[in-house]
Amino acid sequence: MKESNRQKKMGKLILKEMSEILQRDFLVINGSMLTIHQVRVTGDLGIARLYISVFPDARGREAIDFLSENKGKLRRLVAQRIRQQVRHIPELQFYLDDTLMEVDKMDQLLSSLLHEGEGTDDDQVTGDPMSSDPLPSDSPAINPKSSGPANS
């Protein structure tokens, strides 16, 4: 379902304020750096889902657990900043944004497939592709003696 303008505005506002809070107070949590990539707000504006990437990746679960344990404090900090702009402060839910990890996995998979294919068939890849004849000369598609399908 498409997000309404109110959802988008609330998401942007929470993203901005939470980014500043994390930068000022919680930039490094247990030796991890956090970045908020996206905030999605439910239709009733009651829940804000924050998608966070963590560096190094191995500490992602720890950082999300820490934020979840402190979500009440974080919600109060957000409320102090935006209480003049909104009536209700949504509940904060934190999720690990593993998009970058998935991109890295796909990149490694494609690299390994590329390296596997390099040593197999040299005739397929070598030479100028424009100079090779794509069809054999006895092919009916380029043989001038052939006048089309045989009439039976």
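Values quoted throughout were computed directly from the atomic coordinates according to the rules given, and no laboratory measurement underlies them. Everything numeric in this text was worked out from a predicted model, so none of it was measured. Glycine gets a Cβ as well: all are built from the backbone with ideal geometry, and neighbour counts include every protein chain shown.
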Exercise for the section: Can you pull the one-decimal nm distance between simple spin-label points at Ile82 and Arg61, each 7 Å off the Cα toward Cβ? Expected result: 3.0
Problem - Loop sites in region 6-88: GluC sites (Glu not before Pro), DSSP, at most 12 other Cβ within 10 Å - result: none
Exercise for the section: Bin all alpha-carbon pair distances of region 1-68 at 5 Å intervals from 0 and give each bin's fraction as a whole percent. Expected result: 3, 17, 26, 22, 14, 11, 6, 1
Problem - Over 28 Å between alpha carbons, listed pairs Lys9/Lys71; Lys8/Lys71; Lys2/Lys73; Lys73/Lys105 - result: Lys2/Lys73; Lys73/Lys105
Problem - Rounded FRET efficiency, nearest 0.05, which uses the C-beta distance separating Lys71 from Lys8 and R0 of 22 Å - result: 0.50
Fill in the blank from the handout: Phi angles of region 108-116, converted by Karplus (6.51 cos²θ - 1.76 cosθ + 1.60, θ = phi - 60°) into ³J(HN,Hα) in whole Hz with x for Gly and Pro, give 5, 5, 5, 4, 5, 5, 5, 5, 5
Handout entry: Net lengthening on full extension, His37/Gln108 (0.36 nm per residue, minus Cα-Cα)
Key = 23.3 nm
